[in-house]
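Enquirer: This is the structure I have questions about; it appears just below.
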4 protein chains.
Amino acid sequence: MGYMGRQRLRARALDWRSQARDHGLQGRDHRHSRIVTPFLTPLDADALRSVGVSDPWSYGMADRVRFGEIDALNHVNNVVYLRWYETLRVNYLHDYGIYEDAGPDPKFVVKTVGLDYKAEVHRGANYINVARTTQMRNTSFTMHYATFIDGRITTTGDAVIVLLNADNSKRALPDALRQTFITRDGAVQA
Amino acid sequence: MGYMGRQRLRARALDWRSQARDHGLQGRDHRHSRIVTPFLTPLDADALRSVGVSDPWSYGMADRVRFGEIDALNHVNNVVYLRWYETLRVNYLHDYGIYEDAGPDPKFVVKTVGLDYKAEVHRGANYINVARTTQMRNTSFTMHYATFIDGRITTTGDAVIVLLNADNSKRALPDALRQTFITRDGAVQA
Amino acid sequence: MGYMGRQRLRARALDWRSQARDHGLQGRDHRHSRIVTPFLTPLDADALRSVGVSDPWSYGMADRVRFGEIDALNHVNNVVYLRWYETLRVNYLHDYGIYEDAGPDPKFVVKTVGLDYKAEVHRGANYINVARTTQMRNTSFTMHYATFIDGRITTTGDAVIVLLNADNSKRALPDALRQTFITRDGAVQA
Amino acid sequence: MGYMGRQRLRARALDWRSQARDHGLQGRDHRHSRIVTPFLTPLDADALRSVGVSDPWSYGMADRVRFGEIDALNHVNNVVYLRWYETLRVNYLHDYGIYEDAGPDPKFVVKTVGLDYKAEVHRGANYINVARTTQMRNTSFTMHYATFIDGRITTTGDAVIVLLNADNSKRALPDALRQTFITRDGAVQA
């Protein structure tokens, strides 16, 4: 159920806040002048705000650039962002309980993607990828993505996801799924 | 020089045609009912037409899906197409002499990309990726990409490429570069 | 059947030789001083010898380094070679009919791999990856791999592959499989 | 300086311990029965012991399997482990101050790698990769790697790394570097 997913996310976000409080800071480690946002852990709206991720993003995850993501031009390769947003999308669908909201054996198929590169990113950088669903149609929805580094967006993306039945016919978005997108992300019917 | 690039491409395309003629066929191996388009070799408009790639595409390259490009859903992963088009773009810029046409030490920076997935692709499939430049602006140009399998498009893409100077300031597209895009691909000023 | 696999490979190798003959050369294009070995097409012992791949390699495939395979150190990334040998292994198993020789629903599981990097490789390089089976044990076999550029080995590798039943218990190598390894590659019982 | 590197690592490890203490547990979250080892943060010997990583490993980092690391066989692809150990090696060299210990403009070149796959790993799994240097020779050293999941090793690896000068001639390991390997990892002269 989507509700269970929500509980799960809240519990993790609380973990994060207690960790930050233990350091007497809001997401910043004063000894190192480094953000101590936990990596690979779902971050909710409050957690995101405290590290400079602006409204209305309410789901994100911090990660770090690896050596293998740098290309011959010495920045994060263009292709890597699409991999990042894929990882984030799978986590988002899981953590928000969207697989359960979608009915039995749902198939989420990516129909289109777009990326807009605003600034290059280098090795070792800590970044926060964020995702939200902005629009719903009968059998599909649109997600937006962004990469934040030190509170600044370096790349944005979007994807249209189609919901299919086991036989690959299109499936109308169930009410539970629509409600999840509206409640969590303020998604609107297109 | 761009002209040299053109010569180079023509020589390779002739190679391809003589190979096909040697088999008494036009790009099809009758013993195997398999297309014998050479892999990883630039294909011009004639070569593309003979294997079912429609007008106006005039630059492409055949390749084959590898095991490592298949994901847990048993089809070519969404991200892989962006890698394919990157490879093709680098070859296109090289084979058409565009690095030379762009002036001293050009920097080609990808500003945006978009992908539209029309059909899934499986392991071992032979495909032809094609590229052309459709639009030019003052300091940037738009390329289109497509993946053909057995004469049918399975994915399309586009990218806006910005031309920069060594100091990362924008560089106006030189006349030689514009002429290359117009002559080869019928690009128009946007 | 393995026999069919062998026929298939021979037909393709003949294609290659007739292409080379049509150019009045042995695998070398005199106009371009470039090897015209066909890409992504299985090459047999004769084809390999004519492009400088030494005895006893008898199965290989030519390919070209892509931009995305180059890392921040401006050479082919260490990890990429393991991907190359994976691709080659899958092709080898398929082209030599080894899946058929292994009995119903075989599972080939990689147990160990090793790589020895002898020289770095750069963008755009044409290379030939070769594979052969050198040793057999009761339920596993050892393959060797090498990457040739201009007749010189730049990297070697090896892998131990275990044959499993559907329930993941070990399966003794069937006689047909042993015979394939002996006949094609001169593999010995360890 | 290597010493600075050591300080840095200790500070981070302390962060981790205070986070764990704040939860009234030793690296385990009782509400979720989930290990709360921080991701992508260097872990020292104490931190590793508390989550079941056995002696003598004293450097590691927790991470999580991504969708894109799963292949058509529905487990973490063989090649991915080599990427993981590359990422870990770069972090190890950085966090232990080894780049500084190696003298001016050091080049660390991977000469050989080996991997031994003991158990397959699935999507979403949390794992801890560990690294240590076991042997030194005149101009090279041997590292070992392992992947732990729930206190059990699923894969091991090793690599021989050669130290080069700017002109690619071999460089003898400086005393500072030897001392780092001996002090931190108990490395022995081979």
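The values are calculated or read from the model by the stated rules, or taken from the named source; none is laboratory data. Worth saying up front: this structure is predicted, and the values here are computed from it rather than measured. Here the Cβ positions follow ideal geometry from the backbone for every residue, glycine too, while neighbour counts run over all protein chains shown.
Enquirer: Can you tell me which of A:150, A:158, A:105, A:116 is of a type outside the set (A, V, I, L, M) and farther than 26 Å from residue A:50 by Cα?
Expert: Checking each option against the conditions leaves just A:105.
Enquirer: Restricting to segment A:143-187, give me the number of residues that are among the β-branched types (Val, Ile, Thr), within 19 Å of residue A:111 (Cβ to Cβ) and out of contact with any Asp or Glu (no Cβ under 6 Å at 6 or more places or on another chain).
Expert: Within segment A:143-187, residues that are among the β-branched types (Val, Ile, Thr), within 19 Å of residue A:111 (Cβ to Cβ) and out of contact with any Asp or Glu (no Cβ under 6 Å at 6 or more places or on another chain) number 3.
Enquirer: Looking at A:178, A:132, which is the one that is among the basic types (Lys, Arg) and touching a residue at least 60 places away in the same chain (Cβ under 8 Å)?
Expert: Answer to the check: A:132.
Enquirer: Something else about it: Can you tell me which residue in segment A:45-55 is farthest from the other protein chains (Cβ to nearest Cβ), limited to those that are buried (at least 20 other Cβ atoms within 10 Å of the Cβ) and assigned to a loop (DSSP other than H, G, I, E, B)?
Expert: A:53
Enquirer: Sticking with this one: Which residues, counting only those in segment A:91-103, are crowded, with 20+ Cβ neighbours inside 10 Å and charged (D, E, K, R)?
Expert: The one that is crowded, with 20+ Cβ neighbours inside 10 Å and charged (D, E, K, R): A:101.
Enquirer: Let me ask another. For residues that are buried (at least 20 other Cβ atoms within 10 Å of the Cβ) and among the aliphatic types (A, V, I, L, M), scanning just segment D:66-85, find the one that is nearest to the chain's Cα centre (by Cα).
Expert: D:82
Enquirer: In the set C:51, C:113, which member is modelled with pLDDT under 95, among the β-branched types (Val, Ile, Thr) and touching a strand residue (DSSP E or B) at 6+ places or on another chain (Cβ under 7 Å)?
Expert: C:51
Enquirer: Hey, another quick one. Would segment D:142-162 turn up any residue that is outside any strand (DSSP E or B), modelled with pLDDT of 95 or more and under 27 Å from residue C:146 (Cα atoms)?
Expert: No, segment D:142-162 has no match at all.
Enquirer: May I pose another question? So is residue A:124 more than 21 Å from residue B:86 (Cα to Cα), within 10 Å of another protein chain (Cβ to nearest Cβ) and in a loop (DSSP other than H, G, I, E, B) or not?
Expert: yes
Enquirer: Would you confirm whether any residue within segment A:56-69 is assigned to a loop (DSSP other than H, G, I, E, B), out of contact with any strand residue (DSSP E or B) (no Cβ under 8 Å at 6 or more places or on another chain) and within 12 Å of another protein chain (Cβ to nearest Cβ)?
Expert: Within segment A:56-69, one or more residues are assigned to a loop (DSSP other than H, G, I, E, B), out of contact with any strand residue (DSSP E or B) (no Cβ under 8 Å at 6 or more places or on another chain) and within 12 Å of another protein chain (Cβ to nearest Cβ).
Enquirer: Right, here's the next one. Anything in segment B:122-133 that is surrounded by fewer than 23 Cβ atoms within 10 Å (Cβ to Cβ) and touching a helix residue (DSSP H, G or I) at 6+ places or on another chain (Cβ under 7 Å)? List them, or say none.
Expert: B:123, B:132
Enquirer: Shifting gears a bit: Quick one: is residue A:150 farther than 18 Å from residue D:68 by Cβ, more than 10 Å from every other protein chain (Cβ to nearest Cβ), surrounded by fewer than 17 Cβ atoms within 10 Å (Cβ to Cβ) and in contact (Cβ under 8 Å) with a residue 40 or more places away in the chain?
Expert: yes
Enquirer: If you don't mind, another one. Within segment B:70-82, how many residues are within 12 Å of chain D (Cβ to nearest Cβ) and part of a helix (DSSP H, G or I)?
Expert: 3
Enquirer: Just the residues that are surrounded by 12 or more Cβ atoms within 10 Å (Cβ to Cβ) and assigned to a helix (DSSP H, G or I), please, taken from segment D:172-190.
Expert: D:176, D:177, D:178, D:179, D:180, D:181, D:182, D:183, D:184, D:185
Enquirer: For the list (1) buried (at least 20 other Cβ atoms within 10 Å of the Cβ); (2) part of a strand (DSSP E or B); (3) within 14 Å of chain A (Cβ to nearest Cβ); (4) among the aliphatic types (A, V, I, L, M), I need the number of the one condition that residue B:88 fails.
Expert: Exception for residue B:88: condition (2).
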